[in-house]
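Below is one structure, written out as structure tokens, with a few remarks after it.
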Amino acid sequence: MESSNDLKWRKQSLKPIETMSSLASKLVTEENENSKKNSWRRAIEPFISSLSRTNPQPLCYSHHGWKTRIYPDIVKANLGHTLLRHPRFSSLQPLWDLHLLNLRTSESEAVGILRVHHSLGDGISLMSLLLACTRQTNDPLALPTIPVKKKQEEKDDDRWFWRIMFMFWSLFQVFRNTLVDVFMIIVTTLFLQDTQNPLKGPPGALFNPRRIVYRTVSLDDIKLVKNAVKTTINDVALGFTQAGLSRYINRIHVGNNKDEGAIEKDKKDNLPKKIRLRSTLVFNLIQSAGIKALADMMEKDSEAKWGICVGYVLLPFTIALRDDPLDYVRDAKATIDRKKRSFEAIFTSTIVELTLKLFGVKNNVSHNGVLLVGPLEEIDFYGHPLAFLAPGAYGQPHASLSFEKSYTSYVDKMAIVLSVDEGTIPNPHQVCEDMVESLRLIKDAVVTRGLA
């Protein structure tokens, strides 16, 4: 994985996991126990021969940055008391691997990459399991704290008639929205494709090599916009993503030969008309066991709920150049509020599974994404303080999917991780830069108008 800033280890980067069955018995560990010169790299990676039986394979990964040098012996010793006590991580041929690199970057002194086959769990469950192996930096015995949504207090008033009417209206909206959304999922699965755009890959893009890049932005900036517009962090994330992708696509249509100044001065909308660009947003349909339950499972051999049950929501992206940057956030809020009044995610899981069985891998959307909530305080991984946390996924069963994104909060930062097909998106760093710049413009609009 590369940072968009100055992470320069391309030649030393990890080789992709070999997924062909003929290479199933190959080990990817490259450490020479007799050579201390290469001690900066050590792969804790048992047999991955069963990491995949087919090509391609869906994988989850987590990129960690540490504030100090990593000591592999300490990590290996602690894994035996935590992660390896989980039944799915202790088989003879585990479907996971962990790479530790004492390689300094602009944000950390060392980095680590944990790759896990998606069959072991969904992203939220795997994230919770990883965090269950960590402790708070200021309190070595305390587990990380994950923010939870506060329940709204029920108002005790006499307007019972209007509450009943609102309840019936809400039920009608949910029923209507669910019918429309399920219909759109079905026609999208069968034939309704996104219009051709710079983010949409050709058939077979799933099998192409992937480039993974990331950027970290200020979570305080996102909260500033959230409070000003009276929305949520998810709405702001979707808003600056729509703005960034609009800038990027417009840049492609203007021409890469123009410099930034020329693009900024060009007020003409160069975007194609009636562009259809959609994303699938992944949801966990079952409540995660939680960090404490998973920590107890590893320490005390207790039981904890575990499984994979995810649904998808089809999000239409507004690709346009707005005079008011805050309009991107308002559009995102309207879209997400509309999706909250629907049971679309419950039905999509069954529809996608049935489609895979009947028609094989099909995909008619340009990209997908996931939003994860990270710890509120700084954490240690076996005594190594974390500088950033940037998880993501790739290899999802979509034939032409060339662009996957994830967002994860950690203390006062949010990591934006992109996994792209380089043949479709040759400059993924520019996509990151456009998203970061869009967030800056949205924040500046809030500050300039005195909304903060």
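The amide H of residue 393, built 1.01 Å from its N in the peptide plane, has 61 as neighbours under 5 Å, considering only residues 5 or more places off or on other chains.
Go through 160, 169, 66 and list them by solvent-accessible area, largest first, probe radius 1.4 Å.
Details: 160 150, 169 125, 66 0 Å².
Descending order: 160, 169, 66.
Extension gain for the segment residue 176 to residue 440, taken as residue separation times 0.36 nm less the Cα-Cα distance, is 91.3 nm to one decimal. Neighbours of residue 177, meaning other residues whose beta-carbon lies under 11 angstrom from its beta-carbon, give a summed charge of +2 when Lys and Arg score +1 and Asp and Glu score -1.
Each residue of region 92-104 was assigned a 3J(HN,Hα) from its phi angle through the Karplus expression (A = 6.51, B = -1.76, C = 1.60, θ = phi - 60°), giving 5, 10, x, 8, 8, 8, 10, 10, 10, 10, 7, 10, 6 Hz with x at Gly and Pro. Taking θ as phi - 60° and the Karplus parameters 6.51, -1.76 and 1.60, the scalar couplings of region 378-385 work out to 5, 10, 10, 10, 6, x, 9, x Hz in sequence order, x denoting glycine and proline.
For residue 318, the solvent-accessible surface with a 1.4 Å probe is about 40 Å², rounded to the nearest 10.
The values are calculated or read from the model by the stated rules, or taken from the named source; none is laboratory data. As the structure is a prediction and not an experimental result, all values here were calculated from the model. Ideal geometry is used to build each Cβ from the backbone, glycine not excepted, and the neighbour counts take in all protein chains shown. For accessibility, only protein heavy atoms count, side chains too; no ligands or nucleic acids. Shrake-Rupley method; radii C 1.70, N 1.55, O 1.52, S 1.80 Å.
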